[in-house]
Amino acid sequence: MGKRTSEQNEMKAVVVEQYAPVDQIGLKEIATPEPAPGQVRVRVQAASIGFVDGLKVEGRYQTKDALPFTPGAEFAGVVDAVANDVAGITPGLRVMGAARSGALAEYIAVPAAAVEIMPDGLSMEAGAAFRTNYLTALYALGERGRLGAGEQLLVLGAAGGTGIAAIQIGKLLGGRIIAAASTEEKRNFAASFGADAVIDYTRADWRDALKDATGGHGADVIFDPVGGEVSVQAFRSIAWNGRHVVVGFAAGQIPALPFNLPLLKGGVLTGVDAAQIARREPDAYARVMTQLSAWLNDGKLVPVVGKVFAFADFRAAFKTMQTRTALGKMVVRIG
């Protein structure tokens, strides 16, 4: 099938044998995957953990992975084997990629199209934390939100992985960023990546603070990975012709929007599911990835890594992500 540069037939991986809290999930020795036709095998050096990964382990995500499975969708590492029919990717290349699952392991085999060569200056940890968050942020703000230079962008959940990405991307698109987060530590974190103003959305009068921060204008674009009641309140403060982009529901509750609000505000509610962009909008996906690569290579965009955990401590990475005290994206170092 391809050259093996490793004689090792077994590898360590996180294996979910039944849907359960992460406390009950362990590391196991399983067979090292062989690259099938069209695939490459990557020796994983870092994998990141997002909100969806936590839901999948517990069987609470909207689609269930067939048991047993290895969680983890995003990774960075070094190609160590390629199928005979793969061109343009060779063993030894540093790559970052995304898969449905399988990243929390010493090796992963994926279609060649699922990986891209990493920019030289990028660390493995940053490569693993990059793709989904920054794809989501640029697609949401550029393609869906059409954020223009000088427009006001409200980022909810601003200290999380996608929130920080939205602040950085919003700045690159010329927006003025108001970061909303629930603790002083999170607001300081958001400010350190370029937010022009910060507000505490746990306060009853937070919409007054938003009004002040936007000079009475309201938010032209709302980036919303949070959901819950705060989402409805945010839409009530949208500017005329504003765009509210729904990215997820970290608060755990899916809000219902009264239809009179879009009418009164001339506002648009639109959604982003990063997992579907490549398949449904290949042109938009190519545009976004090309722009992100250019910013990375020019050094204009430096992906934010939250906290890095050892492979043996993968449970702590999940727990930190689930406590909502997480700043940025959690990364597990494997290599």
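The values are calculated or read from the model by the stated rules, or taken from the named source; none is laboratory data. Quick caveat, the model's predicted, so the values are computed rather than measured. Positions of Cβ are generated from backbone atoms using ideal geometry, with glycine treated the same way; all protein chains shown enter the neighbour counts. Side chains included, ligands, DNA and RNA excluded: accessible areas come from the protein's heavy atoms. Shrake-Rupley method; radii C 1.70, N 1.55, O 1.52, S 1.80 Å.
Values for this structure:
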{"item": "Rounded to the nearest 10 Å², the accessible area of Tyr201 at probe 1.4 Å", "result": "50"}
{"item": "Amide H contacts of Val246 (H built 1.01 Å from N, under 5 Å, at least 5 apart or other chain)", "result": "Thr270, Gly271, Val272"}
{"item": "In sequence order, calculated HN-Hα J values of segment 106-122 (Karplus, 6.51, -1.76, 1.60; Hz; x Gly/Pro)", "result": "6, 9, 9, 10, 9, x, 3, 5, 7, 10, 9, 5, 7, x, 3, x, 7"}
{"item": "Estimated 222 nm signal from helices in the chain, with DSSP H stretches of n ≥ 4 weighted -39500 (n - 2.57), rounded to 500", "result": "-8500 deg cm²/dmol"}
{"item": "P(r) histogram, all alpha-carbon pairs of segment 63-182 included - 5 Å bins from 0, percent", "result": "2, 10, 17, 17, 15, 14, 12, 8, 4, 1, 0"}
{"item": "Rg followed by Dmax, in Å, when segment 48-90 is reduced to its Cα trace", "result": "14.6, 38"}
{"item": "Of Lys171/Lys319; Lys171/Lys329; Lys56/Lys186, pairs whose Cα-Cα distance is over 24 Å", "result": "Lys171/Lys319; Lys56/Lys186"}
{"item": "Ser192 paired with Glu116, simple spin-label distance in nm, labels 7 Å along Cα-to-beta-carbon", "result": "2.7"}
{"item": "Candidate lysines for bridging to Lys265, where Cα separation is under 20 Å - those fewer than 8 sequence places away on the same chain excluded", "result": "Lys211"}
{"item": "With every protein chain in place, segment 60-171: carbon and sulfur % of accessible area (1.4 Å)", "result": "52"}
{"item": "Heavy-atom SASA rank of Lys329, Lys211, Lys12 (probe 1.4 Å, accessible area, largest first)", "result": "Lys211, Lys12, Lys329"}
{"item": "Residue-normalised accessible area of the chain, given per residue in Å² at a 1.4 Å probe", "result": "43"}
{"item": "Inter-site label distance for Ala87 and His217 at 7 Å from Cα along Cβ, in nm", "result": "5.0"}
{"item": "Under-5 Å amide H pairs with Tyr107, H placed in peptide plane, nonlocal only", "result": "Val44"}
{"item": "Net charge of neighbours whose Cβ lies under 13 Å from the Cβ of Ile238, counting Lys and Arg as +1 and Asp and Glu as -1", "result": "+2"}
{"item": "Highest-fluctuation residue, Asn260, Asn84, Asn297 considered, GNM on the chain with Cα pairs under 10 Å", "result": "Asn260"}
{"item": "Spatial separation of Cα centroids for segment 72-110 and segment 260-335, in angstrom", "result": "20"}
{"item": "Kyte-Doolittle mean at least -1.0, axial Cα span of 18 Å or more - DSSP H helices of the chain", "result": "124-138, 282-298"}
{"item": "Highest-fluctuation residue, Ala98, Ala286, Ala128 considered, GNM on the chain with Cα pairs under 10 Å", "result": "Ala286"}
{"item": "Candidates Ala204, Ala112, Ala165, ranked by Gaussian network fluctuation over the chain, Cα under 10 Å, top entry", "result": "Ala204"}
{"item": "Convex hull projection area averaged over all views, the chain, Cα basis, nm²", "result": "16.5"}
{"item": "Nonlocal amide H pairs with Glu58, under 5 Å, H built at 1.01 Å", "result": "Ala20"}
{"item": "Potential lengthening between Ala204 and Ala36 on full extension [0.36 nm per residue; Cα-Cα distance subtracted]", "result": "54.9 nm"}
{"item": "For segment 1-146, Kirkwood radius (reciprocal of mean inverse C-alpha pair distance, Å)", "result": "15.9"}
